[in-house]
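Heads up, the thing below is written out as structure tokens.
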């Protein structure tokens, strides 16, 4: 079990290096298709804790944490393991969309 998790994390870290080329518009479409049943996926979505809006997630989580949670949700959570249903590029796109919803983006 541990080796499976370690392998999954390694594959995730390697695959997520393409996040710079992520397609935010595709991420928005994926969010509408797969996530909107439970999460508020709109820009400026109302803050809540269960399940959090994507704007709340963007405000309180780092990009790598967001991607990791998409791939490996908390145990016993009703959220599906999207690593089994989305490609690495789609996870990157969805992550980029969530990050783009941050109401207070860090100054660069």
Within the range 43-54, restricting to residues that are touching a residue at least 24 places away in the same chain (Cβ under 8 Å) and more than 20 Å from residue 77 (Cβ to Cβ), the one that is surrounded by the most Cβ atoms within 10 Å (Cβ to Cβ) is 43
Members of the range 45-82 found to be in contact with a helix residue (DSSP H, G or I) (Cβ under 6 Å, 6 or more places away or on another chain) and either part of a loop (DSSP other than H, G, I, E, B) or over 16 Å from residue 96 (Cα atoms) (or both), listed by number:
45, 47
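Since every read-out is calculated from the coordinates, none of them should be taken as a lab result. Since the structure is predicted, the reported quantities are computational estimates derived from the model, not experimental observations. Neighbour counts run over all protein chains shown; Cβ positions are idealised from the backbone, glycine included.
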